[in-house]
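Asks: The structure follows.
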Amino acid sequence: MKNSQGLIIGRRFDGQGGAEPVALCEDVHWRSSEDPLWLHFDYTDEGAKSWIEQHSGLERVAIDALLSEGSRPRATVLPEGLLLNLRGVNLSPGSDPEDMVGIRLWTDGQRILSTRKRPLLSVRDISDRWDLGEGPRNVGEFLVVLTERLMARMQGTIDETEDQIDEIEEQMLTSDSQGLRSQIASLRRTVISLRRYLSPQKEALQQLQILKAAWLTQDERLAIREVADHLSRFIEGLDSVRERALVAQEELNNRLGERMNNRMYVLSLVAAIFLPLGFLTGLLGVNIGGIPGADYPLSFWIFCGLLVALIGLQWWLFKRSRWL
């Protein structure tokens, strides 16, 4: 629930796995916070924009990044803190998972200021953990839990893409493949969209591992490395799905091409058979004098027999030439 200034979540860590809800702090309280403090805003809210610009005390580059519409994953070290942009899959009802949701985050190891446009379930997971007394106790643990939840939420989407390519490959073996072209194209678009953000997100996590900050412990760096390795496996899985989809599409195109070639081959044979027949019937059907057998009663049947014999001769020649 947002307040009048766009604040979605305000929590003050108690250092024991819990966090107390807080209202939007005055400027002095935000800047002189002794316990770790997290403020999470909807950056599309005018009140949130006003507070971040006037009361956050952040440098201009950080403010612009927190309020920016575009949020390509990255980790940027600033003189007064860390700027981190991350992405998670969109699991809202009726939405496409590849339409990824972004969260922008600034921290100096004691304060956290984050913004978003659309709801991100991983953020709610952290709040729920605090309610159970099992949440992060400091900023370093907060980053670990946030990145872990982002990866956990992606697992189902990655598994779904692998299930889809398995189903497509099975359908190509067991049934007609006419309707698979749109499925393959849709799957490839999904993989491309996911990988577009996951690759830079991996780089951002790798930069976070080597961040020279006293508030990030060695255990937390190792945990972030595990998250980055997990993300690497996701990317490898997407690469595998992409390659399998490409092979499936090539196989489908080959099948369609072969089917078209077979049809053109049959039509060519039919045309080759009826071409001389059409020539003979056209020649004998001209309305001029001198047509052989015009006055003989059995000429028509003799001519039909010659046409049948000609068809038999062509069939034998095609068989001998292995055209049939």
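Asks: State to the nearest 20 debye the size of the charge dipole of the chain about its Cα centre, where the only charges are +1 on K and R beta carbons and -1 on D and E beta carbons.
Replies: 1340
Asks: Then there's this: In a GNM of the chain with a 10 Å cut-off on Cα contacts, which of TRP301, TRP51, TRP38 has the highest mean-square fluctuation?
Replies: TRP301
Asks: How far apart, in nm, are the 7 Å Cα→Cβ label points at ILE192 and GLN110?
Replies: With each label point 7 Å from Cα toward Cβ, the separation is 4.8 nm.
Asks: Which distance in Å, rounded to a whole number, links the C-alpha centroids of segment 199-238 and segment 45-122?
Replies: Taking the Cα centre of each part, segment 199-238 and segment 45-122 sit 18 Å apart.
Asks: Note the angle between two axes, namely the Cα long axis of helix 218-284 and the longest principal axis of the Cα atoms of the chain, as a number of degrees from 0 to 90, rounded to the nearest 10.
Replies: So the inclination is approximately 10 degrees.
Asks: Relative to the longest principal Cα axis of the chain, at what angle does helix 46-55 sit, 0 to 90 degrees, rounded to 10?
Replies: 50
Asks: Suppose R0 equals 56 Å; then what is the FRET efficiency for LEU269 and SER199 from their Cβ-Cβ distance, rounded to the nearest 0.05?
Replies: Approximately 0.60, to the nearest 0.05.
Asks: Just to be sure I understand the curve: with the Debye formula and one point per C-alpha of the chain, what is log10 I(q)/I(0) at q = 0.07, 0.08, 0.14 Å⁻¹?
Replies: Debye curve over Cα of the chain, log10 I(q)/I(0) at q = 0.07, 0.08, 0.14 Å⁻¹: -0.47, -0.53, -1.06.
Asks: Then there's this: With a 1.4 Å probe and all protein chains in place, put TYR43, TYR296 in order of accessible area, largest first.
Replies: Sorted descending by solvent-accessible area, the residues read TYR296, TYR43.
Asks: Which Cα, out of THR157, THR217, ALA48, lies furthest along the positive dipole direction of the chain (beta carbon charges, K/R +1, D/E -1)?
Replies: THR157
Asks: What full-extension length gain, to one decimal in nm, is calculated for LEU222 and PHE318 as 0.36 nm per residue of separation minus the Cα-Cα distance?
Replies: 27.3 nm
Asks: Could you compute the FRET efficiency for ASP128 and ASN253, with r as their C-beta to C-beta distance and R0 at 51 Å, rounded to 0.05?
Replies: Here the calculated transfer efficiency is 0.60.
Asks: Name the residue farthest towards the positive end of the dipole of segment 216-272 from the options SER232, VAL266, VAL247, assuming +1 on Cβ of Lys and Arg, -1 on Cβ of Asp and Glu, about the Cα centre.
Replies: Of the candidates, VAL266 comes out farthest on the positive side.
Asks: SER232 label point, 7 Å along Cα→Cβ, cut-off 20 Å on backbone N: hits in segment 124-152?
Replies: So the set is 144-145, 147-152.
Asks: Still on this structure, please answer the following. Taking 0.36 nm per residue of separation and subtracting the Cα-Cα distance, what length does fully extending GLU160 through LEU246 add?
Replies: This chain segment gains 29.2 nm when fully extended.
Asks: Which order do the peptides 63-71, 117-125 come out in when sorted by mean C-beta neighbours inside 10 angstrom, highest first?
Replies: 117-125, 63-71
Asks: Ignoring ligands, DNA and RNA, how do ASP239, ASP163, ASP42 rank by accessible area with a 1.4 Å probe, largest first?
Replies: From most accessible down to least: ASP163, ASP239, ASP42.
Asks: Which net charge results when you count Lys and Arg as +1 and Asp and Glu as -1 among the other residues whose beta-carbon is under 9 Å from that of SER122?
Replies: +1
The values are calculated or read from the model by the stated rules, or taken from the named source; none is laboratory data. Just so you know, these numbers come straight off a predicted model, no measurement behind them. In this analysis, Cβ positions are derived from the backbone assuming ideal geometry, glycine residues included, and neighbour counts consider all displayed protein chains. Note: areas computed on protein heavy atoms with side chains; ligands, DNA, RNA excluded. Shrake-Rupley method; radii C 1.70, N 1.55, O 1.52, S 1.80 Å.
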